[in-house]
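> After the structure tokens below, expect a handful of questions from me.
No value in this document is a laboratory result; all are computed from the given coordinates. Since we're looking at a predicted model, the values are computed, not measured. Here the Cβ positions follow ideal geometry from the backbone for every residue, glycine too, while neighbour counts run over all protein chains shown.
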Amino acid sequence: MDLKNFLSEKKKIVDSALKKYFFVDKEEPNIINTAMQYSIFAGGKRLRPILCLIAGEICGGLSKNIIPTACAIEMIHTYSLIHDDLPAMDDDDYRRGRLTSHKKFGEAIAILAGDGLLTKAFEIMDSKVVKEIALASGTKGMVGGQVEDIITSVHSIQYIRLCSESYGGQAVNSEQKLKEKLEYIHVHKTAKMIEVSLKVGAILANAEPKKVKAISDYGRKIGLAFQISDDILDIIGDKKKLGKKGSDIKNNKLTYPSVYGIEESKNKAKNLISNSKKDLKIFGRKAIILEQLADYIVDRNY
């Protein structure tokens with residue numbers, strides 16, 4: 001299967017559906033709708049809604065029954081990006097090659113645009129999966145990961161290594177805890193939303209529990225690999241292709257390259273991808289597109 005064309009066609013489906021939620025009715029105040037549209041149509045890959053659709057399809061579901069929830073997931077993802085870019089968080093001026101929302105509309109409208117997208121998502125998603133998505137995007141998922149991301153920095157690594165040298169290596173347990181914290185951040189900040197995208201697609205297709213679990217396990221692994229790849233690209237990626245300047249080093253973020261180095265981080269991502277494919281065996285040949293997507297996650301350059 002030609003993955004590039006497949007993703008392009010699925011993206012068109014998602015974009016077309018999203019337009020129906022933003023360009024049908026004119027709601028006041030107009031500025032907030034303009035700001036929401038600015039970010040939701042900023043040219044994202046639509047990976048999460050596409051994964052939701054694929055999961056539903058390989059489990060025998062109908063896309064028309066899944067597309068509203070897939071769009072809702074993209075709205076939640078976009079809200080998180082708007083807030084991530086704010087001066088109080090990552091303080092980024094560009095996203096996908098364009099001015100970030102707060103640079104275009106000001107901080108107050110950017111915050112409210114994110115709030116608007118988040119609440120609109122829960123307005124349109126299938127009630128059957130509200131709790132799953134709330135858990136993945138809230139304090140037990142994405143928000144929790146973002147909190148830990150903010151309060152933990154690479155300075156912790158330097159401190160632990162200094163302690164280890166001073167006390168004859170007794171700080172090893174502390175360094176292990178730091179690695180566990182790193183995984184917690186990445187799993188919750190990024191992987192949870194990728195995992196739930198696949199999980200709810202399967203649930204909406206009325207998949208049997210063992211298939212829901214298998215596709216969820218796959219999603220968690222590729223989600224973690226996706227964030228590790230992002231960490232690496234933030235350092236060595238082409239900034240023009242990324243559409244933003246790397247900010248992890250500037251913000252002293254705890255990342256896989258800062259703890260393990262780039263080469264070991266690449267190996268960890270590849271191992272996750274390899275293991276994720278084992279979770280797909282239950283679906284047989286139907287899941288070949290998910291295998292290709294897994295490879296794309298570590299091979300991509302933006």
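> Given that just one value was derived from the coordinates, which of [x] 219; [y] 128; [z] 178 is volume of the Cα convex hull per residue in Å³?
Here the calculated entry is [y].
> Residue separation times 0.36 nm, minus the C-alpha to C-alpha distance between A134 and I13: what's the value?
Residue separation times 0.36 nm, minus the Cα-Cα distance, leaves 41.1 nm.
> Hey, with R₀ at 30 Å, roughly what FRET efficiency would E123 and E180 work out to, going by the Cβ-Cβ distance, to 0.05?
0.20
> A further question follows. Among the complete DSSP H segments of the chain, which ones combine at least 20 Å of alpha-carbon extent along their axis with a mean Kyte-Doolittle hydropathy of 0.5 or more?
107-124
> Could you list H186, H83 in order of exposure, starting from the residue whose Cβ has the fewest other Cβ atoms within 10 Å?
By the 10 Å Cβ count, ascending: H83, H186.
> Taking amide H atoms as placed 1.01 Å from N in the peptide plane, list the residues 5 or more away in sequence, or in a different chain, whose amide H sits under 5 Å from that of K253.
Excluding prolines and chain starts, which carry no amide H, the hits are V154.
> OK, next. What residues qualify as long-range amide H neighbours of R95, i.e. H under 5 Å apart, gap of 5 or more or another chain, H built at 1.01 Å from N?
T100
> Set the bar at 25 Å for Cα to Cα. Now go through K45/K104; K177/K199; K210/K286 and name every pair that lies beyond it.
K177/K199
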